[in-house]
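Report on the structure given below.
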Amino acid sequence: MALRNSFKHALLNRERLVGGWFMSASPVMAELMANAGYDYLVIDIEHSTAQTYGLHSLLQATAESGTPAVVRMPSHDKTQIKFALDMGALSVCFPVVNTVDEAVALARACRYPPFGDRGFARMHRASRYNTISDYFERINQEVCVIAQLETPQAMAAAMQIAGVPGIDALFVGPGDLAVAMGLGGDVSHPQVKELMAEVGGFCRRAGVPLGTVLATPEQVAWAYSVGFNF
């Protein structure tokens, strides 16, 4: 069995992807969502009843569908990151990445030495208990690390964060961004859209994969038009 992160390769090819957003601890619901036809499925363990230690069963539930899972982590805690990766998460999205230093630490936490400082274990679900023959040779390249920008500070640093080796994509959290701007979570406010469009234009020109989460088809169509692709 060869190791390949189909979600990451689609992002790097700048494919336009539509994901589902899963906010439950139920493996049955995870299995249902994974079979609903999305290009990928976000498993949110930041704002849901699911927690890091429930990931094993949720990732098992989604595996047979072939729909890639993106785990939205609850924090930057290295122990939680190590656990999520050992349980088989190939793509991880981190909230509130404001600085280059934070991005560097996250990129390193997701990779084994010499490129990072992820703790080593041979027997875990990620390597299918040491039956994926090329796991340790390929995982540093196949893991997908997404930095979530949720403040004006982060948006201003988007170009520098995107340039950190090992940061594979950016993701704008428009709700938190609107709150941080004092706009009460209004993701359609012109000031929010202006910042998002600026980052979208940069990412389009630089070939950086850029995602977001929005509530209506019209909002999604606008995001695609200004440079977002997942």
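The values are calculated or read from the model by the stated rules, or taken from the named source; none is laboratory data. None of the values given here were measured: they were computed from a predicted structure. Counting neighbours? That spans all protein chains shown, and the Cβs are built from the backbone with ideal geometry, glycine included. All accessible areas refer to the heavy atoms of the entire protein, side chains included, with ligands and DNA or RNA removed. Shrake-Rupley method; radii C 1.70, N 1.55, O 1.52, S 1.80 Å.
Couple of notes before you dig in:
- Flag if Arg118 is surrounded by fewer than 19 Cβ atoms within 10 Å (Cβ to Cβ) and either over 22 Å from Asn229 (Cβ atoms) or aliphatic (A, V, I, L, M) (or both): no
Residue by residue, here is whether (1) touching a Lys or Arg at 6+ places or on another chain (Cβ under 7 Å); (2) within 28 Å of Ser57 (Cβ to Cβ); (3) touching a residue at least 24 places away in the same chain (Cβ under 8 Å); (4) of a type in the set (Gly, Ala, Ser) holds:
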position: Cys110; (1), (2), (3), (4): yes, yes, yes, no
position: Arg125; (1), (2), (3), (4): no, yes, yes, no
position: Glu142; (1), (2), (3), (4): yes, yes, yes, no
position: Val145; (1), (2), (3), (4): no, yes, yes, no
position: Pro152; (1), (2), (3), (4): no, no, yes, no
position: Gly166; (1), (2), (3), (4): yes, no, yes, yes
position: Val172; (1), (2), (3), (4): no, no, yes, no
position: Ala180; (1), (2), (3), (4): no, no, yes, yes
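- Test for Ala36: is it over 15 Å from Gly211 (Cα atoms), small (Gly, Ala, Ser) and open to solvent by less than 50 Å² (accessible area, probe 1.4 Å): no
- Enumerated strands (runs of 3 or more DSSP E) restricted to region 1-100, each holding at least 1 residues that are among the aromatic types (Phe, Trp, Tyr): 19-22, 40-44, 91-94
- The single residue among Ala162, Ala154, Ala126 that is over 21 Å from Leu90 (Cβ atoms) and modelled with pLDDT of 95 or more turns out to be Ala154.
- Filter pass, Leu90 being free of Cβ contacts under 8 Å to residues at least 60 places away in the same chain and not basic (Lys, Arg): no
- Members of region 198-230 that are within 18 Å of Asp176 (Cβ to Cβ) and of a type in the set (Asp, Glu): Glu198
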